[in-house]
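*Asks:* Pasting a structure below so you can have a look.
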Amino acid sequence: MAKQTKRIKAFTADTQALMTVSDAIAAVKAHATAKFDESIEIAVNLGVDPRHADQQVRGVVNLPSGTGRDVRVAVFAKDAKAAEALAAGADVVGAEDLYEKINGGFMDFDRVIASPDMMALVGRLGKVLGPRGLMPNPKVGTVTPNVAQAVKDAKGGAVEFRVEKAGIAHGGIGKASFTQEALEANVRAYVDALQKARPTGAKGTYVKRISLSSTMGPGVKIDPASVTA
């Protein structure tokens with residue numbers, strides 16, 4: 001059995017009880033006492049079987065309070081589009097030259113955006129970007145003619161979500177230093193985006209369980225009704 005840390009032993013909230021979203025956030029924030037600004041993560045268990053094509057859940061949500069992270073963005077674009085991406089704050093922009101850098105091992109970025117005319121080139125990086133979840137996709141707005149807006153969205157709090165094999169979607173929704181109100185707004189936006197992305201093949205209860213945790217702390221359970229109502 002894994003040894004419990006002092007911080008987990010000191011956690012006073014009932015990790016098995018279903019809390020309102022407000023109480024859950026308060027509990028997680030109160031126990032995020034590490035010497036760094038801990039990330040707050042959400043995990044949502046959905047009533048889907050992602051092995052079936054009609055039960056895939058994927059999309060993007062713009063968190064109203066941002067993520068608290070400095071997202072590094074790489075953009076595949078040329079000429080005017082490249083200039084627009086740089087002006088919008090992209091960290092690295094290029095075409096064939098960027099392809100060569102990434103193919104050679106360069107991975108100093110968290111998001112990849114591409115203009116549609118670049119996808120024939122970007123597609124050749126599928127084996128590099130795909131396993132890392134970085135392949136641009138029009139469904140989540142990372143393949144778009146408006147690269148400047150996509151860069152601004154990525155820098156401003158756009159978060160991709162995708163259900164995993166176990167039917168769970170998870171992602172970062174802020175930092176422990178965020179206010180209670182800011183984190184609650186992000187939680188509600190994340191769950192709302194999942195609901196809007198409900199696939200046609202989903203039957204019965206869709207949002208089954210929700211949990212929240214900080215980087216170093218245990219998870220607490222949120223009553224889905226307090227978020228989805």
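*Asks:* Among strands (runs of 3 or more DSSP E) lying entirely in segment 14-88, which contain 2 or more residues that are modelled with pLDDT of 95 or more?
*Replies:* The qualifying strands (runs of 3 or more DSSP E) are 39-46, 73-76.
Residue-wise test of (1) touching a Cys at 6+ places or on another chain (Cβ under 6 Å); (2) free of Cβ contacts under 8 Å to residues at least 40 places away in the same chain; (3) assigned to a helix (DSSP H, G or I).
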position	(1), (2), (3)
Phe106	no, yes, no
Phe109	no, yes, no
Gly123	no, yes, yes
Val128	no, yes, yes
Lys139	no, no, yes
Lys152	no, no, yes
Lys155	no, no, yes
Glu164	no, no, no
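*Asks:* Count, please, the residues in segment 185-218 that happen to be over 30 Å from Thr33 (Cβ atoms) and hydroxyl-bearing (Ser, Thr, Tyr).
*Replies:* Within segment 185-218, residues that are over 30 Å from Thr33 (Cβ atoms) and hydroxyl-bearing (Ser, Thr, Tyr) number 3.
*Asks:* Assess whether Ala197 counts as being surrounded by fewer than 20 Cβ atoms within 10 Å (Cβ to Cβ), under 21 Å from Val57 (Cβ atoms) and either modelled with pLDDT under 95 or more than 15 Å from the chain's Cα centre (by Cα) (or both).
*Replies:* The answer is no for Ala197.
*Asks:* If you go through segment 172-207 one residue at a time, how many are charged (D, E, K, R) and in contact with an Asp or Glu (Cβ under 9 Å, 6 or more places away or on another chain)? Spell out how you get there, then give the answer.
*Replies:* The initial filter retains those residues of segment 172-207 that are charged (D, E, K, R), namely 175, 181, 184, 188, 192, 196, 198, 203.
Within this subset, residues satisfying the condition of being in contact with an Asp or Glu (Cβ under 9 Å, 6 or more places away or on another chain) are 175.
Result for segment 172-207: 1.
*Asks:* What are the residues in segment 196-218 that are of a type outside the set (Gly, Ala, Ser) and either in a loop (DSSP other than H, G, I, E, B) or farther than 15 Å from Ala169 by Cα (or both), if any? Break it down stepwise before answering.
*Replies:* Going residue by residue through segment 196-218, those that are of a type outside the set (Gly, Ala, Ser) are 196, 198-200, 203, 205-210, 212, 215-216, 218.
The answer is Arg198, Pro199, Thr200, Lys203, Thr205, Tyr206, Thr215, Met216, Pro218.
*Asks:* Are any residues in segment 84-123 of a type in the set (D, E, K, R) and surrounded by 13 or more Cβ atoms within 10 Å (Cβ to Cβ), and if so, which ones? Give the derivation first.
*Replies:* So in segment 84-123, the residues of a type in the set (D, E, K, R) come out as 84, 91, 96-97, 100-101, 108, 110-111, 117.
Residues satisfying the conditions are Glu84, Asp91, Lys101, Asp110, Arg111, Asp117.
*Asks:* Separate question: Restricting the first residue to segment 70-98 and requiring it to be within 9 Å of Ser115 (Cβ to Cβ), which pairs with a second residue that is assigned to a loop (DSSP other than H, G, I, E, B) and modelled with pLDDT of 95 or more meet a Cβ separation below 6 Å and a spacing of at least six or different chains?
*Replies:* From residues that are within 9 Å of Ser115 (Cβ to Cβ), the pairs are Val75/Ala90; Ala77/Ser115; Lys78/Ala95; Lys81/Ser115; Ala85/Ala77.
*Asks:* Related question: Could you list all residues from segment 219-229 that are free of Cβ contacts under 8 Å to residues at least 24 places away in the same chain and assigned to a helix (DSSP H, G or I)?
*Replies:* Ala225
*Asks:* Separate question: Go through segment 124-136 and give me each residue that's buried (at least 16 other Cβ atoms within 10 Å of the Cβ) and in contact with a strand residue (DSSP E or B) (Cβ under 8 Å, 6 or more places away or on another chain).
*Replies:* Once the filter is applied, which keeps residues that are buried (at least 16 other Cβ atoms within 10 Å of the Cβ) and in contact with a strand residue (DSSP E or B) (Cβ under 8 Å, 6 or more places away or on another chain), segment 124-136 yields Leu129, Leu134, Met135, Pro136.
*Asks:* Go through (1) at pLDDT 90 or above; (2) open to solvent by 30 Å² or more (accessible area, probe 1.4 Å); (3) aliphatic (A, V, I, L, M) for Met1 and report which single condition fails.
*Replies:* (1)
*Asks:* Please work out which one of (1) touching a Phe, Trp or Tyr at 6+ places or on another chain (Cβ under 9 Å); (2) buried (at least 17 other Cβ atoms within 10 Å of the Cβ) is the condition Gly167 fails and give its number.
*Replies:* So Gly167 meets the others, but not (1).
*Asks:* If the Cβ limit is 8 Å and pairs must be 6+ apart or interchain, which residue in segment 21-33 that is farther than 16 Å from Ile173 by Cα pairs with which residue that is among the hydroxyl-bearing types (Ser, Thr, Tyr) and surrounded by 22 or more Cβ atoms within 10 Å (Cβ to Cβ)?
*Replies:* Close Cβ pairs (under 8 Å, with a partner that is among the hydroxyl-bearing types (Ser, Thr, Tyr) and surrounded by 22 or more Cβ atoms within 10 Å (Cβ to Cβ)) amount to His31/Ser214.
The values are calculated or read from the model by the stated rules, or taken from the named source; none is laboratory data. Since we're looking at a predicted model, the values are computed, not measured. Cβ coordinates were reconstructed from backbone atoms using ideal geometry, including for glycine residues, and neighbour counts include every protein chain displayed. For the accessible areas, the whole protein counts, side chains as well, though only heavy atoms, and no ligand, DNA or RNA atoms are used. Shrake-Rupley method; radii C 1.70, N 1.55, O 1.52, S 1.80 Å.
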